[in-house]
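Quick note: the coordinates plus some simple rules give every number you see, no bench work behind them. Predicted, not measured: the structure shown is a model, and the values here were computed from it. Every residue, glycine as well, gets a Cβ built from its backbone with ideal geometry; the counts of neighbours run over all protein chains shown.
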Amino acid sequence: MQAALDIFRALGDPTRLRIIHLLRAMELAVGEIAQVVGQSQPRVSRHVRILAEAGLVERRKEGNWVFLRLGRDRGMAPFLTLFDRLEPSEGEALWQTADLARLAAVRADRARAAESYFAEHAEEWDAIRSLHVAEADVEAAMTALLRQEPIGHLLDIGTGTGRIIELFGDAAHQVTALDRSPDMLRLARAKLPQDAGDKYALLLGDFLDLPLEPGSADTVVLHQVLHYAQAPEMVIAQAARVAAAGGRVLIADFAAHEREELRTRDQHARLGFSDAQIENWFADAGLTLERVETLPGEQLTVQLWLGRRKSAPVQRLEERISA
């Protein structure tokens with residue numbers, strides 16, 4: 001009874017109702033909500049604290065930003081369903097429409113930030129892309145491999161600018177995208193569809209410590225990420241840990257090469273990988289290598305390695321090392 005009273009008290013304020021309405025559309029930062037509702041950030045933070053204490057919203061810190069989404073506790077579902085069944089008054093319909101229009105402006109700001117970032121870094125991106133096969137060919141090969149089965153819960157490790165979200169998000173029933181760069185996550189958010197709702201979760205995190213439960217992802221993708229890892233085998237072990245039994249892990253990265261400038265100029269920790277390396281790391285992590293696709297380019301070859309999680313429980317890599 002007390003929990004229900006806390007929820008109704010939390011909802012007993014027009015601004016907090018507006019916040020819930022906005023978060024039903026998409027995950028937002030506190031500053032973005034303040035921009036939409038036209039209130040100071042400290043005041044919005046106070047409203048958010050009340051909603052969070054009642055379990056109606058969840059807060060997640062990402063660098064200097066705090067992002068919000070609707071609470072995912074099962075007990076919240078009846079209260080959120082109530083929003084769908086209540087017919088808004090004429091006045092409520094007007095502010096809901098106005099808030100969604102201002103929210104569209106926030107999305108436009110995100111898109112402009114993405115354009116600005118790429119304009120500043122265009123030469124760096126183009127220098128690498130010119131060395132390998134066209135990205136459209138890589139994406140087509142990835143799509144051909146993954147669309148043969150349901151995507152289910154998609155985990156995009158090192159989402160970067162969110163391209164994998166664009167490619168496979170519509171076919172997934174849930175999407176979790178992770179990156180260790182707050183700037184990259186803000187760019188990825190610009191790619192989310194207008195009706196994203198709570199289907200998408202963009203998380204700040206590290207590929208060596210994935211913030212997901214074991215066996216919770218059906219499809220795991222690492223697109224041009226593994227060559228940044230000092231210990232690729234640990235990254236693969238983490239991907240296998242969160243993959244469901246029978247789930248798939250797809251790695252798109254460079255075949256072994258000798259372009260040393262990518263290590264010194266672009267911070268690549270590894271100069272590509274051989275099929276044998278990936279197959280051995282897959283086996284150690286409890287994955288079976290099912291398919292390998294080779295896409296030769298001018299100077300770099302892109303490889304796709306598709307693995308499947310075995311049904312038997314897999315011992316964590318660090319546990320095997322210490323055993």
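Quick look at the values:
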item: Rounded tilt (10° steps) of 135-146 against the dominant C-alpha axis of the chain; result: 80
item: Highest-first arrangement of 177-186, 93-102, where packing means the average Cβ count within 10 Å; result: 177-186, 93-102
item: Dipole in debye (nearest 20) - the chain, about Cα centre, beta carbon charges: Lys, Arg +1; Asp, Glu -1; result: 1140
item: Ordering of 165-171, 299-305 by burial proxy (mean other Cβ atoms within 10 Å per residue, highest first); result: 299-305, 165-171
item: Extension gain (nm, one decimal) between Gln194 and Glu213, 0.36 nm per residue minus Cα-Cα; result: 4.0 nm
item: Gain upon complete extension [Ala256, Thr143; 0.36 nm per residue less C-alpha separation]; result: 38.4 nm
item: Choice from Ala256, Ala144, Ala239 with maximal GNM fluctuation in the chain (Cα, 10 Å cutoff); result: Ala144
item: Listed residues Ala136, Ala285, Ala201, most fluctuating in the chain (Gaussian network, C-alpha, under 10 Å); result: Ala136
item: Highest-fluctuation residue, Pro296, Pro14, Pro232 considered, GNM on the chain with Cα pairs under 10 Å; result: Pro14
item: Highest average packing first - 44-52, 3-11, 244-252, Cβ atoms within 10 Å; result: 244-252, 44-52, 3-11
item: Candidate lysines - alpha carbon under 20 Å from Lys61, same-chain residues fewer than 8 apart omitted; result: Lys199
